[in-house]
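A.B. asks: There's a structure below that I have some questions on.
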Amino acid sequence: MEEYVTDAVVLTKEPTGEYDTRYVLFTERFGKIAAKAKSSRRITSKLAGHLEPGTLAKVRFIDKGSAQVVDALKSSRRDISPEDLKLLSDLLPDMQVDVELWSDLARQAFSWNSVLRTLGWDPRGAHCEICGRKAAWFFVSRQEFLCDSCVSKMGKSKLSYIRTAPSVIPAKAGIQEARDKA
Ligand SMILES: [Zn+2]
């Protein structure tokens, strides 16, 4: 049976079946993959501590129709919040190798603006999909940019939006501008 070894950032983990764990990994060699670990919830398991979300680890897995982790060795922890890791897991395409994104997630300080730019959604100069104003949010599940005012009308669930620009305060700025002109 063929074995694969790759560095990976652990995005999410969830229990599945009686003892198994399902991981979503962003790997250097294969892009985003889902991989199962058998019995990893048993106390005796060696894998668990090496595969917490946010961990950068060397992962060995076999392909049994789906990927199955057989060994993992933690090398460091990335400073990415669990919420951001979950959003990455939702947003990244399956099995798409991306050297630049790998460098973003495994080596650079985490920044959504940089990740979105790498993925082809450049927040600089982005406009709201609904009204065309300057965008301040990226809506992950719909993969589109929105402005403050449209997001506030949509009853936002924090989990599915990424802030890409600081809040604009047009009223205040407008007053200042008027004073400058006077
Ligand atoms: Zn808008």
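The values are calculated or read from the model by the stated rules, or taken from the named source; none is laboratory data. Predicted model only: the values in this text are computed from it and were never measured. Cβ: placed from backbone, ideal geometry, glycine included. Neighbour counts: every protein chain shown.
A.B. asks: Are there any pairs with C-beta distances below 9 angstrom linking a residue in the stretch 132-149 that is more than 13 Å from TRP112 (Cα to Cα) and in contact (Cβ under 8 Å) with a residue 12 or more places away in the chain to a residue that is more than 10 Å from the ligand (Cβ to nearest atom) and of a type in the set (Asp, Glu), with the two at least 6 apart or on different chains, and if so which?
C.D. replies: Every condition considered, the pairs that remain are ALA135/GLU144; SER141/ASP90.
A.B. asks: Taking the options LYS36, LYS74, LYS46, name whichever one is more than 29 Å from SER111 (Cα to Cα) and either basic (Lys, Arg) or at pLDDT below 90 (or both).
C.D. replies: LYS46
A.B. asks: LEU119 - would you say it is more than 8 Å from the ligand (Cβ to nearest atom) and of a type in the set (A, V, I, L, M, F, W, C)?
C.D. replies: Answer is yes for this residue.
A.B. asks: Let me ask something additional. Considering only residues that are basic (Lys, Arg) and either exposed (fewer than 15 other Cβ atoms within 10 Å of the Cβ) or assigned by TED's automatic domain parsing to the domain that holds ILE162 (or both), which ones fall in the stretch 75-95?
C.D. replies: Result: ARG77, single match.
A.B. asks: In the stretch 128-138, what residues are within 22 Å of the chain's Cα centre (by Cα) and within 11 Å of the ligand (Cβ to nearest atom)?
C.D. replies: Within the stretch 128-138, CYS128, GLU129, ALA135, ALA136, TRP137 qualify.
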